Amino acid sequence: MKKYSYLLLIFLLINGTVSFIEAQQFPIPKDVYTAFEFLKKSKTSDMLYINDTVVYLMSNSPLEVFPGYKDIYESHNLPQNLPLPSMPLGSRVNLPDTYYVIWCLKDSILYLSDINISRASFCDYKSFFPNNEQYILMEKLTKVKFDKKYPLPYKNELYLYHNTIGMMPATWYNDTILIKISRGQYLGGQGKELPIFCSDLNDTIRIKRPAPPMELDKWKKIASEELVFKNGRLISRKTTDIY
Amino acid sequence: MASSLPALSESEQKSCNGESFVYDQSGAFLGERGTGNDIIIASTLYEAGYALSTASPDIVSRVMTTIGNNMGIVGTIGITYENRIYAYHDPNNGRIYVNYNGDLVSNNNYYDIVSILRYEQYHQMTIGYSTTWEQNEYQAFIYQMNDPSFQNVSWNVRNETVTNFGLLHVNQTYNP
């Protein structure tokens with residue numbers, strides 16, 4: 001009987017020690033090993049608008065074919081080597097890039113529609129690009145022009161966009177990307193309009209904040225899609241088993 | 001163990017954590033009252049006032065600065081207008097910025113604000129870090145989750161934070 005008591009005591013000690021160690025560890029959600037495959041694969045913060053209003057995350061930037069594309073604004077004192085901002089997971093791919101590009105898929109053609117500086121207020125772009133040099137430098141990189149005959153189609157979130165010279169068709173692009181819907185859609189905004197002073201316009205504008213992000217648990221069950229492009233034209237779109 | 005604990009519902013948060021947090025327009029803390037975990041801007045503790053989410057950018061900045069300074073954050077907290085982000089730290093001037101256009105302000109949850117500011121505070125404390133950015137982010141999440149405020153954050157912030165932390169944990173390359 002005494003022998004069994006010792007065994008029980010040893011078992012309880014081991015069990016208690018394991019429980020103590022487990023309690024000290026931070027919780028790693030089990031599904032991060034099996035889910036969020038899209039986020040693990042994605043290498044860009046670029047975003048893609050389809051049909052004007054729905055915004056998607058992208059696995060790769062169509063600018064990747066141009067060596068040094070991440071450094072084209074080096075001489076413009078963009079914020080460098082910044083720690084990542086805190087943001088709702090899945091609303092944008094959170095990477096330490098100095099800028100990211102907004103793409104637009106319209107009538108099966110991929111366009112570069114605008115360029116956003118990471119961590120610059122959307123009303124402070126003139127302090128970095130007083131003469132909209134971001135577009136000129138992008139044209140030099142891609143050897144394709146922005147053109148007013150391709151106007152930006154966005155009806156929402158106009159204050160986020162600075163481009164007044166039309167979009168650039170991504171005619172160089174012959175590759176495949178994965179896309180996944182962003183958790184953060186504008187959806188006409190929420191709450192009442194709020195006035196803010198916009199230094200770029202030297203005027204007060206009224207904004208509505210984006211709609212609340214989609215539930216993370218719902219979002220992670222949405223499959224990503226594969227888009228195939230030839231000379232910037234979409235030739236295939238299909239759903240994948242990557243979540 | 002913490003992963004198996006159920007998150008607090010809104011009503012549970014109210015009963016556990018008590019009251020709304022009242023600040024005046026200069027950002028001074030007036031006290032707590034009623035039920036909720038939101039921030040109210042008012043002239044006196046018992047005036048009806050209005051929600052932080054509808055306050056002007058200047059007032060949001062002052063309230064955030066009071067909260068931040070009480071946590072040990074250095075300097076005033078600035079306002080930025082961006083798409084989606086909650087907040088960020090700018091190592092060029094050492095300041096933390098909160099996104100007026102983002103969910104942290106529109107959600108107006110005191111514990112979410114404290115928790116996100118803890119994450120940014122880690123970046124402020126480790127300015128010029130010599131580790132990789134992944135290691136710095138990983139440690140920032142640990143710092144955020146270690147703070148008592150994390151027990152009371154909304155389900156969204158809790159879920160996002162532990163998932164972000166887990167993804168960094170899975171994806172990082174370690175040098176044992």
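Numbers below:
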quantity: Formal net charge of residues neighbouring residue A:225 (Cβ-Cβ distance under 9 Å; K, R +1; D, E -1); calculated: +2
quantity: 16 Å Cα-Cα reach of residue A:149 towards lysines, excluding residues that sit fewer than 8 places from it in its own chain; calculated: A:106
quantity: Cα-projected label distance for residue A:52 with residue A:7, points at 7 Å along beta-carbon direction, nm; calculated: 7.5
quantity: Shielding by partners - mean other protein chain Cβ count within 10 Å, residues of A:76-83; calculated: 4
quantity: Eligible lysines near residue A:70 by straight Cα distance, threshold 22 Å, same-chain separation 8 or greater; calculated: A:40, A:41, A:43, A:126, A:140, A:143, A:145
quantity: Relative contact order of chain A, defined on C-alpha pairs under 8 angstrom at six or more residues apart (%); calculated: 19
quantity: Free-standing Cys, chain A [no other Cys Cβ under 4.7 Å]; calculated: A:104
quantity: Contour minus Cα-Cα distance for residue A:241 and residue A:228 (0.36 nm per residue); calculated: 3.1 nm
quantity: Proximal aspartates and glutamates relative to residue A:221, as straight alpha-carbon distance under 16 Å, when same-chain residues fewer than 8 apart are discounted; calculated: A:31, A:37, A:241, B:160
quantity: Under DSSP loop assignment and at most 12 Cβ neighbours within 10 Å, longest chymotrypsin sites (Phe, Trp or Tyr not before Pro)-free interval of chain B; calculated: B:47-173
quantity: GNM flexibility winner over chain B from B:32, B:137, B:82 (Cα, springs under 10 Å); calculated: B:82
quantity: DSSP-loop GluC sites (Glu not before Pro) across the stretch A:177-243, with at most 13 other Cβ within 10 angstrom; calculated: A:215
quantity: Calculated [θ] (222 nm, deg cm²/dmol) that DSSP helices of n ≥ 4 give over chain A, each run adding -39,500 (n - 2.57); calculated: -5000 deg cm²/dmol
quantity: Highest-MSF residue in chain A out of A:204, A:53, A:44 [GNM, Cα springs under 10 Å]; calculated: A:204
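Throughout, read-outs are computed from the coordinates displayed, never taken from laboratory work. Here the structure is a predicted model, which is why all the values come from computation and not from measurement. A quick note on method: Cβ atoms are made from the backbone with ideal geometry, for glycine too, and the neighbour counts reach across all protein chains shown.
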